[in-house]
Amino acid sequence: RFILKGSLAGAAVYVAYDQGLLGSGTQGAEALKKAQAALPPAIQEWTSYLGWEVRAAQLPSTPKFEFSPSDSWNKGVQSVMSALSVAPTRACEYTVEGWKYVKDLVK
């Protein structure tokens, strides 16, 4: 079981890397656009393969995402860097507050 699970995980990572999902934000956005373009033909192919009769009106349209992976990535990086830049100052403030609290308890 471990070998099978490890193989599946490795294959998933390889496919994600090969499609550009582990690259930059622009590569991820391009991969998302390719997936949105390939989805309707793939659904049509599978339904014909399975023998299902599907009319165009029955198929839901592919969802349109108003989501930019590169913008989200940049916002996340900015938030993390902001938190790291103020961390030493906050640590000093919390230390001073902690010492005050301990001194008040000892009095």
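The values are calculated or read from the model by the stated rules, or taken from the named source; none is laboratory data. The structure presented is a predicted model; accordingly, all values stated were derived computationally and were not measured. Here the Cβ is made from the backbone with ideal geometry for all residues, glycine too, and neighbour counts use every protein chain on show. The area values use the complete protein model at the heavy-atom level, side chains included, leaving out ligands, DNA and RNA. Shrake-Rupley method; radii C 1.70, N 1.55, O 1.52, S 1.80 Å.
With a 1.4 Å probe and all protein chains left in place, how much accessible area per residue does the range 1-50 have, in Å²?
83
Students often check this: by mean Cβ neighbours within 10 Å, which of 23-33, 91-101 ranks highest, and how do the rest follow?
Listed from highest to lowest mean packing, they are 23-33, 91-101.
Using a 1.4 Å probe over the heavy atoms of the protein chains, calculate the carbon and sulfur portion of the accessible area of the range 1-50 as a whole percent.
67
If the cut-off is 17 Å between C-alpha atoms, which lysines fall inside it for K75, apart from same-chain ones fewer than 8 positions away?
Partners within reach: none.
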